[in-house]
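Reading through the structure tokens given below for one structure.
Each value in this text was obtained by applying a stated rule to the coordinates, not by laboratory testing. Keep in mind the model is a prediction, meaning the values are calculated, not measured. With ideal geometry, Cβ positions are generated from the backbone for all residues, glycine too; neighbour counts draw on all protein chains shown.
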Amino acid sequence: PCLGAEHSGPLARHLTVPVKVGNVLVGGGAPIVVQSMTNTDTADIAGTVAQVAALARQGSELVRITVDRDEAAAAVPKIRERLDRIGVDVPLIGDFHYIGHKLLADHPACAEALAKYRINPGNVGFKDKKDRQFGQIVELAIKHGKAVRIGANWGSLDQELLTALMDENALQPRPLDARAIMREAMVQSALLSAGRAEEIGLGRDKIILSAKVSGVQDLITIYRMMAGRADYAIHLGLTEAGMGSKGIVASSAALGILLQEGIGDTIRFSLTPEPGGDRTLEVKAAQELLQTMGFRAFVPQVAACPGCGRTTSTVFQELARDIQDWIAASMQDWKTRYPGVEALNVAVMGCIVNGPGESKHADIGISLPGTGEEPTAPVFVDGKKVKTLRGPGIAAEFKAMVDDYVAQRYGG
Ligand code: SF4
């Protein structure tokens, strides 16, 4: 049946056991946490510190770093120290594959400096070795009091489990198709490993689960299945989402639907950066998704119309860009003086068609004159027209009005 107005807004959050990762709470109804991952060689201490700091300053509340060999493991405590020295206290997560058990055992300072260990159940080892190596990592997490993310991944799915499920499926009177079996294997891989970690003695309050795939529909199905079967905290992300707008759109579509259904306690946008591109884009995109859906507020939002044949001059686009950049630059100062300013809504609109209406819905909005309109720009504050700006100083005057509004509303 169609969902009516009584179902507007997100569904209740899927209740999960809260997990403390350093000083950040994940799950249990806590605000959805934004996280990201570096793409530097972790053995490059200076490069990794710089990128972790940039991600954290952009608002990444957890940052994951690759720990793939001895040099990287040895660098981790030094990275932690340097970050602490420059006042960046973001918890670090170690991403381990294949030899995590060995690296954590051989580098106790690394095991201590990390707030969480990510284990991939698909490549922790094979057969008996798998159990032993997985167990060793879990025991080290218990010893150091750390959280663990059990992160299954489509690209490195536990082949033994998949084969066993396929064999079992072949004997069924109505076997499932191969894709359904792979989805089931992803979910089981994460849940069976979590159960095993609990048997070894790791508390449920130390376990976060993920099961990442690169297909939007697969991801939605897999996370619904996982959330329906357990109450572990959930890390949500579309793996290998891709470059540019493709990655952002695919991640937003998949994560948006699941978040709307109450699924997901921490999110990551796995975007492929352009060569030399800005890694912090994945943090901005994740924040924008959460803010645009109304889950959290990070920076004031500027609503601007797309412009059309009624805005043939560039005045409107220039003002929209100018206001957006000015707000971003002002945030450093505003954040300390005006708590709650992140929730501010500003509208910059192109003409009389939707301009006044949209501006009225914003906290403060301006409607510029479109082509052929009177050269005036009405300003609306809390839904009421308060002033009409004219002439070349419109941008400066509007900024002053926004500044006053922020001071009055959020200045306490
Ligand atoms: Fe075009 Fe005016 Fe609509 Fe903007 S508000 S898209 S300028 S009609």
Among G135, G256, G340: highest mean-square fluctuation, GNM of the chain, C-alpha pairs under 10 Å = G340
ask   = Among the lysines, which have Cα under 16 Å from the Cα of K387 when same-chain residues fewer than 8 positions away are ignored?
value = K360, K399
message = List the pairs from K102/K146; K116/K212; K102/K143; K20/K129; K129/K206; K206/K284 whose alpha-carbon separation is above 21 Å, in the order I gave them.
response = K20/K129; K129/K206; K206/K284
task = Evaluate the distance, in nm, between pseudo-label points positioned 7 Å from the Cα of D333 and of L192 along their respective Cα→Cβ axes.
result = 6.0
Debye intensity ratio I(q)/I(0), log10, segment 202-244, q values 0.17, 0.22, 0.33 Å⁻¹ (C-alpha model) = -0.50, -0.73, -1.17
note = To the nearest 0.05, the calculated FRET efficiency linking A105 and E71 through their beta-carbon distance, R0 being 22 Å, is 0.85
remark   = Using the Kirkwood radius over Cα pairs of the chain, the Stokes-Einstein translational diffusion coefficient at 25 °C and 0.890 mPa s, in µm²/s and rounded to a whole number, is 104
inquiry  = If I model a spin label at R85 and I142 as a point 7 Å from the Cα along the Cα→Cβ vector, what separation in nanometres do I get?
reply    = 3.7
request  = Can you give me the P(r) profile for segment 38-182? Cα pairs, bins 10 angstrom wide beginning at 0, each as a whole percent.
outcome  = 11, 37, 27, 15, 8, 2, 0
task = Compute the Rg to Rh ratio over segment 25-120 from the alpha carbon atoms, using the Kirkwood formula for Rh, and round to two decimal places.
result = 0.96
task = Report, in cubic angstrom per residue, the convex hull volume of the C-alpha atoms of segment 1-77.
result = 154
task = Assuming R0 = 60 Å, can you tell me the calculated FRET efficiency for the pair N354 and K78, based on Cβ-Cβ distance, to the nearest 0.05?
result = 0.65
Computed [θ] at 222 nm, deg cm²/dmol, the chain (DSSP H ≥ 4; -39,500 (n - 2.57); rounded to nearest 500) = -14500 deg cm²/dmol
note = Exposure-ranked with fewest Cβ neighbours within 10 Å first, L15, L103, L281, L171 stand as L171, L15, L281, L103
message = At q = 0.12, 0.19, 0.24 Å⁻¹, what log₁₀ I(q)/I(0) does segment 152-237 have when each alpha carbon counts as one equal point scatterer in the Debye sum?
response = -0.36, -0.86, -1.20
message = Explain nothing, just the number: dipole magnitude of segment 74-122 about its Cα centre with +1 on each Lys and Arg Cβ and -1 on each Asp and Glu Cβ, in debye rounded to the nearest 20.
response = 80
query = How big is the antiparallel share of DSSP beta bridges in the chain, given as a percent to the nearest 5?
reply = 25
query = Looking only at Cα atoms, what is the convex hull volume of segment 304-412 per residue, in Å³?
reply = 89
remark   = Nearest-0.05 FRET efficiency for Q260 and D44 at R0 = 51 Å, using Cβ-Cβ distance, is 0.80
key: Spatial separation of Cα centroids for segment 184-233 and segment 312-347, in angstrom   = 40
message = Sorted from largest to smallest, which semi-axis lengths in Å does the alpha carbon gyration tensor of segment 233-278 give for its equivalent ellipsoid, taking the root of 5 times each eigenvalue?
response = 22, 11, 6
inquiry  = Apply the Karplus curve 6.51 cos²θ - 1.76 cosθ + 1.60, θ = phi - 60°, to the phi angles in segment 282-295 and return the couplings in whole Hz, x for Gly and Pro.
reply    = 5, 6, 4, 5, 5, 5, 5, 4, 5, 6, 5, 8, x, 7
query = Ratio of segment 204-301's C-alpha Rg to 2.2 N^0.38 Å, to two decimals?
reply = 1.07
Estimated inter-spin distance, E397 and E168, nm [label 7 Å along Cα→Cβ] = 7.2
Fewest-first ranking of I220, I257, using other Cβ atoms within 10 Å as the exposure measure = I257, I220
key: Dipole magnitude (debye, nearest 20) for the chain, charges at Cβ of Lys, Arg, Asp, Glu   = 400
message = Charges at C-beta only: +1 for Lys and Arg, -1 for Asp and Glu. How large is the resulting dipole of segment 1-146 about its Cα centre, in Debye rounded to 20?
response = 220
key: Kirkwood Rh (inverse of mean 1/r, distinct Cα pairs), segment 247-305, angstrom   = 12.3
message = Can you tell me which of D363, D218, D167 moves the most in a GNM of the chain? Springs connect C-alpha atoms under 10 Å apart.
response = D167
remark   = Mean projected area, convex hull of alpha-carbon positions in segment 76-154, reported to one decimal in nm², is 5.2
